[in-house]
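Structure first, then comments.
Every read-out reported here was derived from the displayed coordinates using simple, explicitly stated rules and does not represent laboratory data. Not measured: the values here are computed from a predicted model.
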Amino acid sequence: MGYRRHDEEFKRELIARIDGGQITKAQAAMEYNLALTLIEAVYNRKRVHSGIGYLPPAEFEAILLTGNGNNQPGQRTLKMAD
């Protein structure tokens, strides 16, 4: 299941909890924002991605910004798709 599908399901669950009186709209907004923060902190920044050479996105971005992607000690050589 992709991220968007998970996001849609999470929103449906929050709406159902609001409609059922279990939480307020403010609580739902806080839960949703917390979930987005966790996704950004863990999934998008630390998890390795096959599309960028099995690097975490933060490391890939740092290599691109500094230009240290080729044969530097401790760095991997990046091969960009054509």
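Before moving on, here are some points about what is shown:
- Residue by residue, the stretch 53-61 carries 3J(HN,Hα) couplings of x, 6, 10, x, x, 5, 5, 4, 4 Hz when phi is fed to the Karplus relation 6.51 cos²θ - 1.76 cosθ + 1.60 (θ = phi - 60°); x denotes Gly or Pro.
- In order along the stretch 42-52, phi translates into HN-Hα couplings of 9, 5, 7, 9, 10, 5, 6, 10, 5, x, 10 Hz, rounded to whole numbers, per the Karplus curve 6.51 cos²θ - 1.76 cosθ + 1.60 with θ = phi - 60° and x for Gly and Pro.
- Per-residue ³J(HN,Hα) for the stretch 22-27, Karplus 6.51 cos²θ - 1.76 cosθ + 1.60, θ = phi - 60°, Hz, x for Gly and Pro: 6, 9, 8, 4, 5, 5
- Close amide H partners of LEU55, meaning residues 5 or more places away or on another chain with modelled amide H under 5 Å apart, are HIS49.
- Cut-off under 5 Å, modelled amide H: who pairs with ILE23 long-range: ILE18
- For the stretch 1-44: rounded, prolate or oblate by the Cα gyration tensor [a/c cutoff 1.5]: oblate
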